[in-house]
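All remarks here apply to the structure that follows.
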Amino acid sequence: MTEAPSPYSGLLQSKWRDKTVELVDAHPLGSEEIVEVVTLCWASIFQSKIGPKGFRIGKHLFPKPQIMGFFLHELIPLEFESRYPGIWRGDAVAGEKDLVYVPDHSLSVEIKTSSHPSQIFGNRSYTQPAKSSKKTKTGYYLAINFQKLAATTASPKVRRIRFGWLDHTDWIGQAAATGQQARLNPVSEQFKLLTLYPLE
C-alpha cells in the first residue's frame, strides 16, 4: 500500500489552515454531524447497563482511557453505518481505516482518542510511510479528547473534537530507542486539524 499524495505538498505553511478548511468542507461527513455522532456515542456509553444487576459506566465501573477509546472506536462507525448503510462502515481488515467510506476509501477516516486535555498520540509506526499490507498513515483523522473517568468526576465530558488531514511526516517519534509513542508536530496539530467542538 502506498501513501496518498499530500494535499499540502508545495504549500507554504501560511496556507495550511486554508487547505484544511477546504479538505474538511469537501469531506462527505459534515462537521455538525461529526460532533453530533461523537457526543451521542459518548453519552450512550454512560446510558448502557451491563449484566443482570445493571452496572453502569461512570457509576459502578470506571474504565481506563484505553477502554473508553475502544468504545468510541467501535460505536462511531456503528452509528454512521446505521445512518448510511452501504456507505459507511467500520474496518473489516487490518489495512482499512477505522471508519470506511465504501464509495471511495481515500475519504475513510482514522479515529484517534486520548484523555490528554489537548494532544493525541500514535505509535512509533505513524512516523513511517505505509508498507505493503499495512494501514496508510496519511489521510483524514478524527481526533477526540475526553476527560478521564473517576469516582470523583460526576459526568466526564468530551473535551475537544477535531477533524482534518494528516501525513506520516506530521508525526514525531519518541527519541528513546525503546520509545513506542508518536506525537504530532505542534505546527501540524495547529493548522491541519480543525476544532469542531467546542467552537473557538
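The values are calculated or read from the model by the stated rules, or taken from the named source; none is laboratory data. Everything numeric here is computed off the predicted structure, so don't read it as measured data. So basically every Cβ, Gly included, is an ideal-geometry build from the backbone, and we count neighbours across all protein chains shown.
Every residue in segment 36-47 that is over 10 Å from V158 (Cα atoms) and either modelled with pLDDT of 95 or more or surrounded by 13 or more Cβ atoms within 10 Å (Cβ to Cβ) (or both), please.
Of segment 36-47, the ones over 10 Å from V158 (Cα atoms) are 36-37, 40-41, 44-47.
Those that are over 10 Å from V158 (Cα atoms) and either modelled with pLDDT of 95 or more or surrounded by 13 or more Cβ atoms within 10 Å (Cβ to Cβ) (or both): E36, V37, L40, C41, S44, I45, F46.
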Quick one: would you say A94 is at pLDDT below 95, under 18 Å from the mean Cα position of the chain (by Cα) and assigned to a loop (DSSP other than H, G, I, E, B)? yes
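This table checks each residue for (1) closer than 15 Å to R183 by Cα; (2) modelled with pLDDT under 95.
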site	(1), (2)
G69	no, no
E74	no, no
P77	no, no
R83	no, no
G86	no, no
R89	no, no
V109	no, no
S114	yes, no
S132	no, yes
Members of segment 154-182 that are modelled with pLDDT of 70 or more and either part of a helix (DSSP H, G or I) or out of contact with any helix residue (DSSP H, G or I) (no Cβ under 9 Å at 6 or more places or on another chain) (or both): R159, R160, H168, T169, D170
Of everything in segment 21-58, what is part of a helix (DSSP H, G or I), over 22 Å from I76 (Cα atoms) and in contact with a Leu (Cβ under 8 Å, 6 or more places away or on another chain)? Give them in sequence order. V21
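Is it the case that G54 is under 20 Å from R89 (Cα atoms), surrounded by fewer than 17 Cβ atoms within 10 Å (Cβ to Cβ) and either of a type in the set (G, A, S) or over 21 Å from the mean Cα position of the chain (by Cα) (or both)? Explain how you work it out, then say what you get.
Numbers: under 20 Å from R89 (Cα atoms): no; surrounded by fewer than 17 Cβ atoms within 10 Å (Cβ to Cβ): yes; either of a type in the set (G, A, S) or over 21 Å from the mean Cα position of the chain (by Cα) (or both): yes.
No, not satisfied.
Looking at H116, H105 in this structure, which one is in contact (Cβ under 8 Å) with a residue 24 or more places away in the chain and either within 17 Å of I161 (Cα to Cα) or surrounded by 14 or more Cβ atoms within 10 Å (Cβ to Cβ) (or both)?
Working: H105 fails: in contact (Cβ under 8 Å) with a residue 24 or more places away in the chain.
Answer to the selection: H116.
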Within the set of pairs 6+ apart or on separate chains, which have a first residue in segment 61-77 that is over 22 Å from E33 (Cβ atoms), a second that is among the aromatic types (F, W, Y) and surrounded by 19 or more Cβ atoms within 10 Å (Cβ to Cβ), and C-beta atoms under 7 Å apart? none
